[in-house]
Amino acid sequence: MNDQKFEVWAPDAHAVQVQLGPRRLELTARDDGWWELPASVPPAGADGIDYGFIVDGSGPFADPRARRQPGGVHALSRTFDSAEHIWQDTDWTGRQLAGAIIYELHVGTFTPEGTFEAAASRLDHLKSIGVDFVELLPVNAFNGTHNWGYDGVLWYAVHEGYGGPAAYQSFVDACHRHGIGVIQDVVYNHLGPSGNYLPRYGPYLSEAAENTWGSSLNLDGPHSDPVRRYILDNALMWLGDYHVDGLRLDAVHALRDTSATHLLEQLATEVGALSAAIGRPLTLIAESDLNDPRLITPREANGYGLDAQWSDDFHHAVHVALTGETAGYYADFEPLDALAKVITHGFFHDGTYSSFRERTHGRRIDRERMPTWRLVVASQNHDQIGNRAIGDRLSAQLDVGQLAIAATLTLLGPYTPMLFMGEEWGATTPWQFFTSHPEPELGTATATGRINEFARMGWDPQIVPDPQDPATFERSKLNWSESSETEHGRLLGFYRDLAVLRRSYPDITDPRFDQIAVEFDAADGWLRLRRGGTQILINFGERSVHVPASGGEVVLSFATGPDAVQGRLPDALTLAPHSVVVLA
């Protein structure tokens with residue numbers, strides 16, 4: 001390990017010290033608001049040095065850029081040299097997002113052990129269902145032992161309970177060895193409620209703007225340049241020091257930035273420069289509630305230059321078509337009109353009135369120029385499951401044929417598909433909202449706020465599990481033994497067949513909107529999706545129906561019952577209830 005430098009940005013401080021064991025050493029102020037220790041400190045063994053900063057007599061506090069927090073976010077930081085890792089991925093050239101399959105997972109509930117090492121042991125399984133990218137929910141340091149990750153307060157540190165930064169590097173290495181890229185979910189729009197000492201150092205937060213989760217970051221006020229640098233350097237750390245292949249940017253609509261160059265555009269510019277320097281693709285995916293294609297329009301066309309964004313409209317349309325739920329934000333997505341529009345236009349709300357928002361929402365996608373892969377879609381994800389009252393998956397409401405329909409629309413539809421851990425075998429374990437705040441009052445406030453969130457969706461607050469109850473976390477862990485049970489195993493085999501089909505027929509990954517056509521009959525409950533010369537026939541209903549089909553060989557089929565195809569007419573197939581057929 002190299003000699004350690006200690007420096008921190010604290011522009012308004014009068015005195016800053018660093019705590020090193022029993023010693024407190026004075027830092028020297030620079031003209032740019034940074035404080036530094038004049039001399040480097042020799043390394044103190046292989047496990048690093050514990051340290052913290054004292055600002056105007058208060059502290060010690062964790063380093064805002066700490067790479068390790070072995071004692072938790074309220075404790076001292078520990079040095080970590082990412083260059084110590086001997087990477088094994090020198091032959092890894094990266095993956096492009098176009099044509100890829102993403103698999104979203106939470107490290108703490110993906111396996112019984114809840115560690116990076118245990119997750120790496122399941123990579124062969126992910127390869128078997130065609131996964132190209134693993135997308136990890138946030139792994140930054142948060143207060144407590146278990147959490148979704150969105151309450152992070154030290155963005156540069158990797159949660160110790162998962163194995164810490166060294167284990168993270170080994171996990172990325174293992175993914176690349178299996179030919180799988182890594183996308184890291186990062187949160188730059190807010191910080192968690194406990195352990196956020198950034199305001200002790202400087203104006204990291206904006207007093208003028210708040211979002212749903214608290215104070216926004218200071219992206220455009222006085223002293224905002226170093227705050228923006230804090231975010232940009234964090235993004236480059238994951239992509240550079242940890243060899244990650246992409247970032248999923250949480251809730252970018254909550255970023256409050258009136259600068260001439262928006263933070264997202266600046267991020268895209270710097271990530272593009274890093275990609276050119278290291279010679280592999282680096283992907284930026286936004287989660288956005290805006291339905292605004294400017295996010296994914298290239299910078300040379302006056303967009304922000306991000307690579308892709310989530311489209312929740314796809315999820316809502318599929319969910320309503322299969323479950324019939326129309327409460328809350330599902331109200332506008334009555335089948336099958338909404339599903340047909342989403343498949344052919346990308347967004348449902350593209351300048352249309354949203355009854356949930358009570359206003360016009362969204363903007364049209366330029367379908368002549370925009371490739372379809374720039375939209376990332378899912379029939380299930382951490383938000384849409386975890387933000388239900390009891391965290392129930394589609395498997396709690398649908399039979400195996402309906403789950404196969406959801407899989408087909410996601411994996412054979414025109415957009416970049418994302419699977420949520422366990423959906424490939426129809427996992428029955430819920431994925432609930434869980435926290436482990438050590439402060440009782442914070443735990444109570446979180447539980448109360450959770451119940452209030454569900455009021456508008458019409459869900460019974462009496463059934464909402466306590467996020468602080470350890471059983472809520474334990475219930476959310478995958479039960480891998482299910483995957484070998486009869487119906488679960490049949491569905492898993494279908495997911496594997498869908499992955500093979502994606503690689504066998506170029507029509508399925510064709511990113512042109514003009515190669516998509518949809519016909520449907522809402523009364524009879526069928527839909528036909530054409531991708532070039534490939535036809536996907538779906539019967540949503542509970543009785544057999546005749547679905548128009550212009551010839552072609554059946555290359556894949558699935559139904560709740562034994563046979564999806566019950567008969568063939570000159571210009572149609574008779575499909576069983578809750579079934580799907582692919583013709584090529």
For the range 1-141, give the magnitude of the charge dipole about the Cα centre (Cβ charges: +1 Lys/Arg, -1 Asp/Glu; no others), in debye to the nearest 20.
-> 200 debye
Cα-centred dipole magnitude for the chain, charges only on beta-carbon of K, R (+1) and D, E (-1), debye, nearest 20 = 720 debye
Here the relative contact order (percent) of the range 540-584, from C-alpha pairs under 8 Å and at least 6 apart, is 50 percent
Under 20 Å Cα-Cα from Lys5, which aspartates and glutamates qualify once same-chain neighbours fewer than 8 residues away are excluded?
-> Glu26, Asp31, Asp32, Glu36, Asp47, Asp50, Asp63, Asp81, Glu84, Asp233, Asp241
Residue by residue, what Karplus-based ³J(HN,Hα) values in Hz, rounded to whole numbers, does the range 12-29 have, using 6.51, -1.76 and 1.60 with θ = phi - 60° and x for Gly and Pro?
-> 9, 6, 9, 7, 9, 10, 10, 8, 10, x, x, 8, 10, 10, 6, 9, 9, 7
Mean separation of Cα pairs under 8 Å and 6+ residues apart, divided by the residue count of the range 246-374: what relative contact order is that in percent?
-> 20 percent
Starting from the residue with the highest accessible area, list Thr560, Thr444, Thr283, Thr486 in decreasing order, probe 1.4 Å.
-> Thr486, Thr444, Thr560, Thr283
What residues qualify as long-range amide H neighbours of Ser216, i.e. H under 5 Å apart, gap of 5 or more or another chain, H built at 1.01 Å from N?
-> Ser206, Ala209, Glu210, Asn211
By accessible area with a 1.4 Å probe, ligands and nucleic acids excluded, highest first: order of Arg530, Arg512 = Arg512, Arg530
From the phi of every residue in the range 321-328, what ³J(HN,Hα) in whole Hz does the Karplus formula 6.51 cos²θ - 1.76 cosθ + 1.60 yield, where θ is phi - 60° and glycine or proline is x?
-> 4, 8, 9, x, 5, 9, 7, x
Straight-line reach from Lys477: which lysines have a Cα under 23 Å away, not including same-chain ones fewer than 8 places off?
-> Lys127
Got a sec? Charge dipole of the chain, +1 on Cβ for Lys and Arg, -1 for Asp and Glu; which of Ser224, Gln17, Val320 is way out at the positive end?
-> Val320
Residue-normalised accessible area of the chain, expressed per residue, 1.4 Å probe, Å² = 38 Å²
Integer Hz, Karplus 6.51/-1.76/1.60 couplings in order for the range 486-502, x for Gly and Pro | 3, 5, 4, x, 5, 5, 4, x, 5, 4, 5, 5, 4, 5, 5, 4, 4
Amide H neighbours of Leu284 under 5 Å, counting only residues 5+ apart in sequence or on other chains, H built in-plane at 1.01 Å?
-> Leu247, Asp307, Ala308
Whenever you get a sec, line up Tyr353, Tyr230 from highest to lowest accessible area (probe 1.4 Å, protein heavy atoms).
-> Tyr353, Tyr230
The long-range amide H neighbours of Leu556, using H built 1.01 Å from N in the peptide plane and a cut-off of under 5 Å, are Val582
Note on the chain: contact order normalised by length, alpha-carbon pairs under 8 Å, 6 or more apart, percent, works out to 11 percent
How large is the charge dipole for the range 450-584, taken about the Cα centre, if only the Cβ atoms of Lys, Arg (+1) and Asp, Glu (-1) carry charge, to the nearest 20 debye?
-> 340 debye
Return the calculated 222 nm mean residue ellipticity for the chain, to the nearest 500 deg cm²/dmol, obtained by summing -39500 (n - 2.57) across DSSP H runs with n ≥ 4 and dividing by the residue count.
-> -7500 deg cm²/dmol
Label-point separation in nm, Gln397 to Ala327, each point 7 Å along Cα→Cβ | 1.0 nm
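The values are calculated or read from the model by the stated rules, or taken from the named source; none is laboratory data. Keep in mind that what you see is a predicted model, and the values were worked out from it rather than measured. No Cβ is skipped: glycine too gets one built from the backbone with ideal geometry, and neighbour counts run over all protein chains shown. Surface areas here come from the heavy atoms of the whole protein model, side chains and all, with no ligands, DNA or RNA. Shrake-Rupley method; radii C 1.70, N 1.55, O 1.52, S 1.80 Å.
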